[in-house]
Amino acid sequence: MGYHGQFTRDVLDRIGLPQCLFHPAGIEFYGSVNLLKGGLVFSDYLTTVSRSMRKRFNRGYGTRAGWSARSRADRLVGI
């Protein structure tokens, strides 16, 4: 969670994603594009390698991206 890539908005055109995804409930993250956040927001389910990892993931490891994981806690499972 602490090492997610952030990019400038122009990356959307380069990778073929529509600009309409760039908003706070989408892939916008403090003015940048964050593809990890996009994965968290738009996935049907999120999985981790164990239940204990699920707990750590759900806490967001103390990062600003933690809210994305916590907001999807109902879809997060540890296997």
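One chain, two ends: R51 and L35. Fully extended at 0.36 nm per residue, the span grows by 3.3 nm beyond their Cα-Cα distance.
Each residue in H23, H4 was given a count of other beta-carbon atoms within 10 angstrom of its own, and listing them fewest first yields H23, H4.
Readers should treat all values here as calculations from the given coordinates under stated rules, not as data from a laboratory. This structure is a prediction, so every number in the text was calculated from the model and none was measured. For neighbour counting, all protein chains shown are included, and Cβ atoms are generated from backbone atoms with ideal geometry for every residue, glycine included.
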